[in-house]
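Peer 1: Pasting a structure below so you can have a look.
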Amino acid sequence: MKLSDLGEFGLIARFASRFLERLPAGTTGIGDDCAVLPWTKDRRLLVTTDMLVEDVHFLRAAIPARDLGYKSLGVNLSDIAAMGGRPLSAFLSLGIPGGIDVGWLDAFFRGIRDLAAAESVSLLGGDTTKSPGPLVINIAVLGAARPGKIKFRSGARPGDGIFVTGSLGDSAAGLRIVLEKRPRGRDEAALVRRHNRPRPHLPEGAWLAGRKAVTAMMDVSDGIDSDLRRILERSVCGAAVNLDALPLSALLRRAARKYGWDERELAVTGGEDYCLLAAVRRDAAAETAAAFERAFGRPLVRIGTIMAAGDGLRYFAGGRPAALRRRGFDHFRPKG
Ligand code: ADP
Ligand code: MG
């Protein structure tokens, strides 16, 4: 069997099934944004780790070292946000190719420090090796959460509203500007910055975690087409997504018009937005969105509804079924 037939998520399911021993009470293993372990009576320990590989996740020549440091920590903090937790400490492992400038590494560490200081995260360890190939960056983050308030991917139920905490597609547009070497006007620079320095939605995650009506949550890393499928698998549900309701920034709309891009496709399949995707019980959906807007001064945007499992993930536009040309990101599947 080829890896491309299995896909990234098929591969994870394949080896996860071989480690299905009974976990101790209060422990959650493979399958969510963080693992959860028992800690104290009123605190659980969250653990998450993410790897960034040169030429897969970033092009070293195309991202400032300081931004890459910021992003490497940011994508991990985003997984803590997705559980409704608070980040505490980080461990950084690097595989460094020969010939990297020390000044480059200094700037990279400064980027990590920028975000670590802002979120009161301490760097407590890691590992450093030489890499014969690409630069490899792995960060693991520990966090804390209240036991009853942790949000999993598995709690969504038919009828729940589907919401996102920020605009979708900006990061994908930024990446496209980099790859297509578009001249950097003010809009282009802002979109590239959204791609290079994603803000983990920690305050939003903590706020949503405090609401009983929020039934499931995760962060948007691969695009909602892929990420929502993860919630649907874990919750054994389907979903209807209204493409007319996607929150698209003015920046994205202008760039899409200028370059002839399909803004909805970028928003649904592009990924790396690192905002949060949440399901909210039907009876509390409108009130939760209104309270979020009062708290943050921006909307919690409803993009669809959780449906019964047999429905799968369906898209609608103008009230009619709509098809997507591409799917969300998977490391091992061919594009298309
Ligand atoms: P995220 O995008 O939130 O970081 P992923 O989609 O990368 O999550 O991973 C999904 C789940 O699979 C997570 O629980 C993650 O810990 C687990 N996972 C991914 N790769 C591995 C691996 N090599 N070994 C064990 N668990 C893994
Ligand atoms: Mg995640």
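Peer 1: Does GLY103 count as assigned to a helix (DSSP H, G or I) and either within 16 Å of ligand 1 (Cβ to nearest atom) or buried (at least 23 other Cβ atoms within 10 Å of the Cβ) (or both)?
Peer 2: So GLY103 does not fit the description; no.
Peer 1: Kindly state which strands (runs of 3 or more DSSP E) lie completely within region 206-322 and contain at least 2 residues that are aromatic (Phe, Trp, Tyr).
Peer 2: 313-317
Peer 1: Look at ASP32 and say whether it is more than 27 Å from GLU180 (Cα to Cα), acidic (Asp, Glu) and at pLDDT 95 or above. Talk me through it step by step, then tell me what you get.
Peer 2: On the way: more than 27 Å from GLU180 (Cα to Cα): yes; acidic (Asp, Glu): yes; at pLDDT 95 or above: yes.
Taking the combined requirement at face value, the residue satisfies it.
Peer 1: With GLY74, GLY10 as the choices, which residue is buried (at least 18 other Cβ atoms within 10 Å of the Cβ) and either within 16 Å of ligand 1 (Cβ to nearest atom) or at positive phi (or both)?
Peer 2: GLY74
Peer 1: If you don't mind, another one. Is it fair to say ARG229 is within 15 Å of ligand 1 (Cβ to nearest atom), of a type outside the set (Ser, Thr, Tyr), within 30 Å of ASP311 (Cβ to Cβ) and modelled with pLDDT of 95 or more?
Peer 2: Here the answer is yes, as ARG229 does meet what is asked.
Matching residues to (1) surrounded by 16 or more Cβ atoms within 10 Å (Cβ to Cβ); (2) of a type outside the set (Phe, Trp, Tyr):
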| position | (1), (2) |
| --- | --- |
| THR129 | no, yes |
| ARG146 | no, yes |
| PHE152 | yes, no |
| LEU168 | yes, yes |
| SER171 | yes, yes |
| GLY174 | yes, yes |
| PRO183 | no, yes |
| ASP187 | yes, yes |
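Peer 1: I would also like to ask the following. Among the residues of region 119-135, are any farther than 26 Å from MET217 by Cβ, more than 16 Å from ligand 1 (Cβ to nearest atom), among the acidic types (Asp, Glu) and in contact (Cβ under 8 Å) with a residue 12 or more places away in the chain?
Peer 2: Within region 119-135, one or more residues are farther than 26 Å from MET217 by Cβ, more than 16 Å from ligand 1 (Cβ to nearest atom), among the acidic types (Asp, Glu) and in contact (Cβ under 8 Å) with a residue 12 or more places away in the chain.
Peer 1: Moving on to the next point. Can you run down the residue pairs with Cβ atoms below 9 Å, 6 or more apart or on separate chains, where the first is in region 205-231 and at positive phi and the partner is in a helix (DSSP H, G or I) and among the hydrophobic types (A, V, I, L, M, F, W, C)?
Peer 2: GLY223/ALA172; GLY223/LEU266; GLY223/ALA267; GLY223/VAL268
Peer 1: What pairs come out if I take residues in region 280-295 that are touching a residue at least 12 places away in the same chain (Cβ under 8 Å) and pair them with residues that are of a type in the set (Gly, Ala, Ser) and assigned to a helix (DSSP H, G or I) whose C-beta lies under 8 Å away, six or more apart or interchain?
Peer 2: Listed by first residue and then by second, the contacts come to VAL280/ALA289.
Peer 1: Among the numbered conditions (1) over 27 Å from HIS195 (Cβ atoms); (2) without any contact (Cβ under 8 Å) to a residue 60 or more places away in the chain, tell me where LEU6 comes up short.
Peer 2: (2) is the only condition that LEU6 fails.
Peer 1: Follow-up question, since we're still on this one. Among the numbered conditions (1) over 30 Å from ALA62 (Cα atoms); (2) out of contact with any Gly (no Cβ under 8 Å at 6 or more places or on another chain); (3) within 16 Å of ligand 2 (Cβ to nearest atom), tell me where LEU243 comes up short.
Peer 2: Unmet condition: (3).
Peer 1: Going through LEU92, LEU68, LEU37 one at a time, which residue ends up being away from ligand 2 (no atom under 16 Å from the Cβ), without any contact (Cβ under 8 Å) to a residue 40 or more places away in the chain and crowded, with 16+ Cβ neighbours inside 10 Å?
Peer 2: Step by step, each of LEU92, LEU68, LEU37 is checked, and only LEU37 is away from ligand 2 (no atom under 16 Å from the Cβ), without any contact (Cβ under 8 Å) to a residue 40 or more places away in the chain and crowded, with 16+ Cβ neighbours inside 10 Å.
Peer 1: Looking at region 141-157, I want the residues that are at pLDDT below 95 and have a partner that is basic (Lys, Arg) with Cβ atoms under 6 Å, at least 6 apart or on another chain. Which pairs are those?
Peer 2: Taking only residues 6 or more apart or on different chains, the pairs are PRO147/ARG44.
Peer 1: Could you figure out which of (1) touching a residue at least 40 places away in the same chain (Cβ under 8 Å); (2) assigned to a helix (DSSP H, G or I); (3) touching a Gly at 6+ places or on another chain (Cβ under 9 Å) isn't true of ALA16?
Peer 2: ALA16 satisfies all of (1) touching a residue at least 40 places away in the same chain (Cβ under 8 Å); (2) assigned to a helix (DSSP H, G or I); (3) touching a Gly at 6+ places or on another chain (Cβ under 9 Å) except (1).
The values are calculated or read from the model by the stated rules, or taken from the named source; none is laboratory data. As the structure is a prediction and not an experimental result, all values here were calculated from the model. For neighbour counting, all protein chains shown are included, and Cβ atoms are generated from backbone atoms with ideal geometry for every residue, glycine included.
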